[in-house]
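Colleague: Below is a structure I'd like to ask you about.
The values are calculated or read from the model by the stated rules, or taken from the named source; none is laboratory data. From a predicted model like this one, the values you see are computed outputs, not experimental measurements. Every residue, glycine among them, receives a Cβ derived from its backbone with ideal geometry; neighbour counts consider all protein chains shown. Heads up: the accessible areas ignore ligands, DNA and RNA and are worked out on the full protein's heavy atoms, side chains in. Shrake-Rupley method; radii C 1.70, N 1.55, O 1.52, S 1.80 Å.
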Amino acid sequence: MSFTPKSIDSKAVHGGEERRYAPPAPSATPAPVVSGIIPSIGYVYEDSTHLDSALGGDPDLYVYGRYGNPTVAAFENAIVDLECHDMPAQAADHFALATASGMAAIHLAMAACGVQAGVTVAAAQDCYGATYSLVDSLWPQYGAKGLFVDATDLDAVERMLVEEAPVVLVVETISNPLLKVVDIPRLAQLCRAHNTRLLVDNTFATPMLFRPLAHGADVVIHSATKYIGGHGDVLGGVVVARNELRPAFWDFLKKTGANLGPHEAWLLHRGLKTMPLRVERQCGNAVAVAEQLSRHPALARVRYPGLPDHPQHQLAARLFGQRGYGAVVALELKDAGRPEVFRFLEALQMVQPATTVGDVYSLVLYPSHASHRALSPAQRAAVGISDGLVRLAVGAEDPRDITADISAALEI
Ligand SMILES: Cc1ncc(COP(=O)(O)O)c(C=O)c1O
């Protein structure tokens, strides 16, 4: 009888490993608890029929590094286990493909779902800056029309789907940097009714808070650089979708070569094992920090889905259950522009002003000059990113230290 763990925490620890839940088969060589790194680019087959199947795309056979790699596949399998946690019987109907970065994953998902000259690609208006640029400028250079919608306004989304018939709609479960939460189940219904594929960037929520495939999303995307890796030392991305989409994704990845390397895959797979612990701790820290800072006189506003005054607090509670509200908090500095925000960034002692999120370290980023730099001031204003907005990615330190460091820097 095979054993399947009930808890997603156990799946995060064991998913994708060679030695998983069953006793090892009789063999002279013991099964390693931790699968190794297989860096080989090429593979030798005794039998050319097998080589032929491998070249034809059999996902269980390896032939060349850009076509697939066992260490990368172990990481991909572990991600499928997590994103399909609510529907274990359907996990085998899903695949994951890992990419060199989160942006490579987003680009891959858009291209493999049919974004090309002559079609329309839509995205949530307050998505990550590079995703915004893909839709706003890169795809239009190739002849596609890019447009944006307020994904929290379901009537506006439906009107856009009817009028524009985009091939894909890209949304973030929790948006970067304004931390809006979107109603994925309703968006999935709308997209399905209008033949648009729903691509969900689940980076900020992680599969620990929310798993969009079980709610009707077509593709889930992660910047694995963030909470999956968790330590700020590896860049990667991953997409997960139903097997019927695999040939298009695999073909595009094989041709464009934005693959994740085996060394990075191994590190990300290792990161995954502590993700439940880190995310739980960091979400708990974020609640404490957001509550404390919401009373700080130097802040005009603290945006955090876990605070009752957040516009989508109820929705977040419904979608994420008791698992948390994410570990990112957006701070609106009172009467602040670039000079005041720079002064704040330079005054921080423990919290690092660094351009990423999802690490065990607490980090702050100034969207106007970093993640959303490519947007014009008018575009930033239109989506609500002010010159006083700072994104705080809450780490795993003691929340009292995080709050003390931020409070002191705000007072300088
Ligand atoms: C929500 C979100 N999606 C995608 C990306 C892109 O990820 P990467 O930097 O791994 O390409 C980022 C990066 O910050 C992000 O925050």
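Colleague: Given the options S53, S35, S40, name the one that is assigned to a helix (DSSP H, G or I), more than 16 Å from the ligand (Cβ to nearest atom), more than 19 Å from the chain's Cα centre (by Cα) and assigned by TED's automatic domain parsing to the domain that holds S223.
Modeller: Being assigned to a helix (DSSP H, G or I), more than 16 Å from the ligand (Cβ to nearest atom), more than 19 Å from the chain's Cα centre (by Cα) and assigned by TED's automatic domain parsing to the domain that holds S223 holds for just one of S53, S35, S40, which is S53.
Colleague: Let me ask something else. Please pick out the residue among A96, A109, A78 that is within 16 Å of the ligand (Cβ to nearest atom), open to solvent by less than 20 Å² (accessible area, probe 1.4 Å) and within 26 Å of T4 (Cα to Cα).
Modeller: A96
Colleague: Six or more apart or on different chains, Cβ atoms under 6 Å: show the pairs whose first residue is in region 384-412 and among the aromatic types (F, W, Y) and whose second is open to solvent by less than 20 Å² (accessible area, probe 1.4 Å).
Modeller: Short answer, once both residue conditions are applied: none.
Colleague: Has region 330-339 got at least one residue that is open to solvent by 30 Å² or more (accessible area, probe 1.4 Å), out of contact with any strand residue (DSSP E or B) (no Cβ under 9 Å at 6 or more places or on another chain) and not hydrophobic (A, V, I, L, M, F, W, C)?
Modeller: Yes, the conditions are met somewhere in region 330-339.
Colleague: Name the pairs: first residue in region 337-359 and within 20 Å of A298 (Cβ to Cβ) and basic (K, R), second residue within 16 Å of the ligand (Cβ to nearest atom) and modelled with pLDDT under 95, Cβ to Cβ under 8 Å, at least 6 apart or on different chains?
Modeller: R338/S368; R338/H369
Colleague: Please specify each residue of region 361-378 satisfying the condition of being away from the ligand (no atom under 15 Å from the Cβ) and either out of contact with any strand residue (DSSP E or B) (no Cβ under 9 Å at 6 or more places or on another chain) or part of a strand (DSSP E or B) (or both).
Modeller: S376, P377, A378
Colleague: Do the conditions hold for V149, that is, is it surrounded by 15 or more Cβ atoms within 10 Å (Cβ to Cβ) and without any contact (Cβ under 8 Å) to a residue 60 or more places away in the chain?
Modeller: It is true that V149 is surrounded by 15 or more Cβ atoms within 10 Å (Cβ to Cβ) and without any contact (Cβ under 8 Å) to a residue 60 or more places away in the chain.
Colleague: Looking at A288, A248, A241, which is the one that is away from the ligand (no atom under 16 Å from the Cβ) and in the same structural domain as S362 (by TED's automatic domain parsing)?
Modeller: A288
Colleague: Further question: Exactly one condition in (1) surrounded by fewer than 22 Cβ atoms within 10 Å (Cβ to Cβ); (2) closer than 18 Å to G395 by Cβ; (3) in contact with a Lys or Arg (Cβ under 8 Å, 6 or more places away or on another chain) is false for G232; which is it?
Modeller: (3)
Colleague: If you take the residues in region 27-73 that are charged (D, E, K, R) and under 26 Å from L245 (Cβ atoms), which one is least open to solvent (accessible area, probe 1.4 Å)?
Modeller: Among those that are charged (D, E, K, R) and under 26 Å from L245 (Cβ atoms), it is D58.
Colleague: When you check L375 against the structure, is it surrounded by 16 or more Cβ atoms within 10 Å (Cβ to Cβ) and either out of contact with any Phe, Trp or Tyr (no Cβ under 8 Å at 6 or more places or on another chain) or modelled with pLDDT of 95 or more (or both), yes or no?
Modeller: Judged against the criteria, L375 is not a match.
Colleague: For region 387-404, what are the residues that are open to solvent by less than 40 Å² (accessible area, probe 1.4 Å) and out of contact with any Ser or Thr (no Cβ under 8 Å at 6 or more places or on another chain)?
Modeller: G388, V390, A396, P399, T403
Colleague: Restricting to region 113-131, and then to whatever is open to solvent by 20 Å² or more (accessible area, probe 1.4 Å) and either assigned to a helix (DSSP H, G or I) or of a type in the set (A, V, I, L, M, F, W, C) (or both), can you tell me which residue is farthest from the ligand (Cβ to nearest atom)?
Modeller: A117
Colleague: May I pose another question? Please state which one of V200, V157, V167, V181 is away from the ligand (no atom under 16 Å from the Cβ) and open to solvent by less than 10 Å² (accessible area, probe 1.4 Å). Walk me through it before giving the result.
Modeller: On the way: V200 fails: away from the ligand (no atom under 16 Å from the Cβ); V167 fails: open to solvent by less than 10 Å² (accessible area, probe 1.4 Å); V181 fails: away from the ligand (no atom under 16 Å from the Cβ).
That would be V157, the only listed residue that is away from the ligand (no atom under 16 Å from the Cβ) and open to solvent by less than 10 Å² (accessible area, probe 1.4 Å).
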